Amino acid sequence: MDDLFITQSEYFKLFSHPVRLKILEILRREDACVCHINAILDLRQSYVSQQLAVLREGGIIEDQKCGWNVYYRVIDRRIYEIMDGVLSIIDPDGTLLRDPLALPADCPCPRCRDGECDEKVAQPETEYSAE
């Protein structure tokens, strides 16, 4: 029985870092490569890659190579139910300022720059909508 709680605790730890939560919010919109995520977060690419590795090793995200770039996507979109549930508890009135994680105009990633890999990267099978 303890194994269940240990496993659950380890899973929750994956959500315990603000940068990982931001990455998941970016991936809520679309699959993204490291340079795309880095452009939005304005962090060192090695740091973003480190956080992506934690999410990948934890089974939250997966990657897919497209040319020279690796694109990341959420494996099970039900994680957004968890994230939205926490937000509804800590901010039931929706009064906290939400960080929109806007994409800068000069994003260097091939998808933003050239439209490369749009048709090759698998999109999530079901769209998640917070209703």
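The values are calculated or read from the model by the stated rules, or taken from the named source; none is laboratory data. Because the structure is a prediction, the values reported are computed rather than measured. Cβ placement follows ideal geometry from the backbone for every residue including glycine, while neighbour counts extend to all protein chains displayed.
Things to note:
- If the condition is being among the aliphatic types (A, V, I, L, M) and within 12 Å of the chain's Cα centre (by Cα), then segment 56-72 contributes I60, I61.
- Leading residue by the ranking (surrounded by the fewest Cβ atoms within 10 Å (Cβ to Cβ)) among those in segment 89-118 that are under 18 Å from the mean Cα position of the chain (by Cα) and at pLDDT 70 or above: A102
- Conditions (1) without any contact (Cβ under 8 Å) to a residue 40 or more places away in the chain; (2) small (G, A, S); (3) closer than 29 Å to C112 by Cβ; number of the one not met by G67: (1)
- All of L41, L55, L14 fail the test of being free of Cβ contacts under 8 Å to residues at least 60 places away in the same chain and out of contact with any Gly (no Cβ under 8 Å at 6 or more places or on another chain), apart from L55.
- Helices (runs of 4 or more DSSP H) within segment 1-85 that include 3 or more residues at pLDDT 95 or above and within 27 Å of A105 (Cβ to Cβ): 18-29, 45-57
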